[in-house]
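The values are calculated or read from the model by the stated rules, or taken from the named source; none is laboratory data. Keep in mind the model is a prediction, meaning the values are calculated, not measured. Here Cβ is always computed from backbone atoms with ideal geometry, including for glycine, and neighbour counts include all displayed protein chains.
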Amino acid sequence: MATKKTVPTDVSKYRRLFWQIFLYGFLGIILLFLFASWGFFGKMPSFDELENPDSNVATEIISSDGLVIGKFYKENRTPVKYEELPEHLVKALVATEDERFYDHSGIDAKGTLRAVVRLGKDGGASTLTQQLAKNLFHGSDGSKFILFRVIQKVKEWIIAIRLERQYTKQEIIALYLNQVDFVNGAVGIRSAAKIYMNKEPKDLTLEESALFVGMLKNPSLYNPNRKKREQLVLDRRNTVLLQMAKNDVITEVQREQLRKLPIKLDFRPEGHSEGSATYFREFLRDHMKQWVKDHLKPDGTEYDLYRDGLKIYTTIDSKMQQYAEEAVTEHLKNLQKEFFIAAKGKANAPFVDITPEQTQQIMAQAMKNSERWRKMDLNGKTKEEIIKSFDVPAKMKIFTYEGEKDTLMKPTDSIIYYKHMLQTGMMAMEPRNGHIKAWVGGVNYKYFQYDHVGQGARQVGSTFKPFVYATAIEQLGMSPCDSIIDSYFTMPKGKWGIDKDWSPKNSDGKYRGTIRLNQALANSVNTISAKLIDRVGPQAVVDMVKELGVTSKIPVQPSIALGAVDITVEEMVGAMSTFANQGIYVKPTFIIKIEDKNGVVIDQPAPYQKDVVNKDVAYAVIKLMEGVTSSGTGARLKYGGGGFIQYDYSFANPIAGKTGTSQNNSDGWFIGMVPNLATGIWVGNEDRAAHFRATRLGQGATMALPIWGIFMKKCYADSDLDVSKESFEKPENLAIKVDCWTPKKVIDSTAVPSDEPDLDEFGL
């Protein structure tokens, strides 16, 4: 049977077609990469940008003892060097995210081929370097459109190769971990370690490192602070441990031991209203707004406080700041209870002796200042609608000393509640160099953002009297041992510009006859202060106070002798410190130096100081103020007591101090100094119409002095602080008599001693 002859197939055209497709495809790929590298598909990073990637680095606020006490940021990122990373963190990262990291040059060819063959079913093929490229220059979200996504991928490959040429493997790992967003305000491994574990990266345990590496797959999904996802997060962490075992980073025995461990967090969010020194940080932020305008970069542009990674080295001592905040809370928690008790059942509480019209004015202003009013106004609500809403109960959180409390309350009632709250301002500084060591502007920054240290001036009461005595000693040649008559005194109308007769009275309504100056200040005798300012004139006292750094407006009136003047805590402490510094005024300062992100010092403020008072006069004032705490209105520091609670101070060392109480007990003050630390405290309500009715609780010795006592007890207990217990330095050849010793008086043995002297005092 004849067979049919087959015609041979001409395969040459298919071969040509194959090679044409291959060559055109290869050429197309080359062109795609070339066009991408030339920027045809969008700008590519330059050499300088690769050297200095834009990473929104947070500005750090650093205490004098080297701790980061706060940050300014848009992204809470603080870079960490490779040397500061624990070895197990690096190994966990490589084992989980890029097993061949040390073998490729940015692109893992084997992984890429696997991903293409498997169509991505076994995961993508992005190396750590590619992920870094994506995070640095394109963001975390990829395009959903396939063509655009391909172009993005090509660009990532190119950038990854360039990064590999530019950086070492170690630097790439550090850059990567500094860029990752771990959610909850934690950008970068340092912020993550601080927020989730309250430690530095170098202190992370192996299982903690595995936890953070596990989060990289999807930080929101594997958020360890979400209770509902606890098991999911645990499983993901254990997957990382499995990868570490597969790559011989840990043994199987170690893995079994570690996988059984629960996840333990020490979660501490780093918001602007949380953490230490919140009021100081806000004060510093306001200062830096002007600083960036006055200190330009070499290229003439302003520093970005939130992106440029500045390091602000402050004078604040983290321990002193902690002790100051604790002292405020400990005392005001007790005092606040007494305030609520005293105000309970009183008409118009917490306000005292004001008309209904005045009360309405206070409430109306509080409404307009509220967040509720602002939001409703933005939403186009009428004034009447907004006011009406304040009488409708609403769910809210309120501040208490036991923590935030969820409650249902009318907004008007919440205003009245907060008007009951006592506020405070407290500042401590070193007299010698002006370094501010602690700054507490209120009781809780989240709820009360007004700063009562640098922002709010309040009536100082009798804490002003040392300035009057200093002027008299300087101008009249007086000494603490000189005598003066405590008697009824009237300054006639017209003298020193007063428009009517002025007859100041003592707090107890009594007159003591002949009395030494040191006794007069110790017991805050009003008539003596009035007689002294009558001798020197109000202008001389004002000039003295201005020389001591007080910029607040001071009326040139005789009544300032009793403290009828508003001054900030910051200014009062700075002025009083002059006496502890032998008459040399040093302006309170809070910045030691500022560095850029590369560690280059760009500002180092020089302290401002000047001689104001003769050192003999300064020492005489110190001795006068020592009398206040040894036998006068501040004697509680020696013998204990707090007016309503028995605080145990029992300070045996010399303390120069002065209490102060304004009219109607609206303001309570105490300034206390030892040779190397001066601290001033004000306590009162936000509104001056809200205050204690009784001087027993409303005086400075009860409201403010205990905070100083608690604070100093904590400071003395910490040997690292080296707070002085020594005497103030006595000038050589002292020309002013300060030792007023007199023979001991005969004591009536039948008299029954009181537990403590009557310490009630107040000025106008």
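Some observations on this one:
- For Phe467, the criteria (1) in a strand (DSSP E or B); (2) closer than 21 Å to Ala530 by Cα; (3) aromatic (Phe, Trp, Tyr) hold in every case but one, which is (1).
- Residue in segment 337-354 that is surrounded by fewer than 12 Cβ atoms within 10 Å (Cβ to Cβ), of a type in the set (A, V, I, L, M), part of a loop (DSSP other than H, G, I, E, B) and free of Cβ contacts under 8 Å to residues at least 24 places away in the same chain present: yes
- Subset of segment 539-568 that is surrounded by fewer than 18 Cβ atoms within 10 Å (Cβ to Cβ) and closer than 16 Å to Arg458 by Cα - its residue that is farthest from the chain's Cα centre (by Cα): Pro555
Every residue, every condition in (1) in contact with a His (Cβ under 7 Å, 6 or more places away or on another chain); (2) closer than 16 Å to Lys465 by Cα; (3) in contact (Cβ under 8 Å) with a residue 24 or more places away in the chain, yes or no:
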site	(1), (2), (3)
Gly632	no, yes, yes
Gln646	no, no, no
Asn653	no, no, yes
Ser662	no, yes, yes
Phe711	no, no, yes
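- Filtered residue count, segment 229-275, keeping only those that are touching a Ser or Thr at 6+ places or on another chain (Cβ under 8 Å) and part of a loop (DSSP other than H, G, I, E, B): 2
- Every residue from segment 276-311 that is touching a strand residue (DSSP E or B) at 6+ places or on another chain (Cβ under 6 Å) and in a loop (DSSP other than H, G, I, E, B): Ser276, Ala277, His295, Leu305, Tyr306, Gly309, Leu310
- Qualifying residue in segment 496-510 (condition: on the phi > 0 side of the Ramachandran plot, of a type in the set (A, V, I, L, M, F, W, C) and surrounded by fewer than 23 Cβ atoms within 10 Å (Cβ to Cβ)): yes
- The numbered conditions (1) part of a loop (DSSP other than H, G, I, E, B); (2) among the basic types (Lys, Arg); (3) under 26 Å from Lys319 (Cβ atoms) are all true for Lys713 except (1).
- Applying a threshold of 9 Å to beta carbon distances and a minimum spacing of six or more residues, or different chains, the list of pairs starting in segment 460-476 at a residue that is on the phi > 0 side of the Ramachandran plot and ending at one that is surrounded by fewer than 24 Cβ atoms within 10 Å (Cβ to Cβ) and of a type in the set (Ser, Thr, Tyr) is empty.
- Residue match in segment 589-598 (condition: over 22 Å from Cys740 (Cα atoms), hydroxyl-bearing (Ser, Thr, Tyr) and at pLDDT 95 or above): yes
- Only one entry in Ala95, Ala115 is modelled with pLDDT under 85, touching a Lys or Arg at 6+ places or on another chain (Cβ under 9 Å) and within 21 Å of Gln243 (Cα to Cα), namely Ala115.
- From the options Glu404, Glu338, residue that is of a type in the set (D, E, K, R), touching a strand residue (DSSP E or B) at 6+ places or on another chain (Cβ under 6 Å) and farther than 30 Å from Asp596 by Cα: Glu404
- Evaluated against (1) under 21 Å from Lys437 (Cβ atoms); (2) within 24 Å of the chain's Cα centre (by Cα), Glu686 falls short on exactly one condition, (1).
- Count - residues of segment 185-213 that are of a type in the set (S, T, N, Q) and surrounded by fewer than 22 Cβ atoms within 10 Å (Cβ to Cβ): 2
- Meeting the requirement of 2 or more residues that are aromatic (Phe, Trp, Tyr) and touching a strand residue (DSSP E or B) at 6+ places or on another chain (Cβ under 8 Å), the strands (runs of 3 or more DSSP E) wholly within segment 564-674 are 667-674.
- In segment 473-487, of all residues being of a type in the set (Gly, Ala, Ser) and farther than 16 Å from Ala522 by Cβ, the one that is surrounded by the most Cβ atoms within 10 Å (Cβ to Cβ) corresponds to Ser487.
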